[in-house]
Amino acid sequence: MADTVFAAASGLAVLGLLLSAVRFARGPWAIDRTVALDVMTIIATSLIVAFAVFSGRRIYVDVGMVYGLVGFAGVVAVARYLEGGL
């Protein structure tokens, strides 16, 4: 039962990742692309952590945390650039 729920949740997360990639590719403005990049980073981080829980390998939790922090810093840098603050 838990495997079925995990597979369904992972499938929905991958679908969200694909939809965000479409928004990233088609976004008419840079801010749309920035928000889509942030959403893709959050979904990818959650997929990494879900894989860590499912596989029982705790190292992937650390990888997910580092990926989340780097993604957050990147989105903040892009947002500051778009505002003209950099």
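Only the coordinates and a few stated rules stand behind these numbers; no lab work does. What you see is a predicted model, and the numbers here were worked out from it, not measured in a lab. All Cβ positions, glycine included, derive from the backbone under ideal geometry; neighbour counts span all protein chains shown.
Residue separation of Val63 and Leu18 scaled by 0.36 nm, minus their Cα-Cα distance, works out to 14.0 nm of gained length. Taking the helices alone, the chain has a mean residue ellipticity at 222 nm of -31500 deg cm²/dmol, built from -39,500 (n - 2.57) per DSSP H run of at least 4 residues and averaged over all its residues. Long hydrophobic helices in the chain, taken as whole DSSP H segments with a C-alpha length of 18 Å or more on their own axis and mean Kyte-Doolittle hydropathy at least 1.6: 30-55. About the centre of its Cα atoms, the chain shows a dipole size close to 100 debye [charges on the beta carbon of Lys, Arg (+1) and Asp, Glu (-1) only; nearest 20 debye].
A DSSP coil position with no more than 16 other Cβ atoms inside 10 Å describes the following chymotrypsin sites (Phe, Trp or Tyr not before Pro) in the chain: Trp29. Could you tell me which of rounded, prolate or oblate describes the chain, using a ≥ b ≥ c as the square roots of the eigenvalues of the alpha-carbon gyration tensor, with rounded for a/c under 1.5 and, failing that, prolate when a/b is larger than b/c and oblate otherwise? Oblate.
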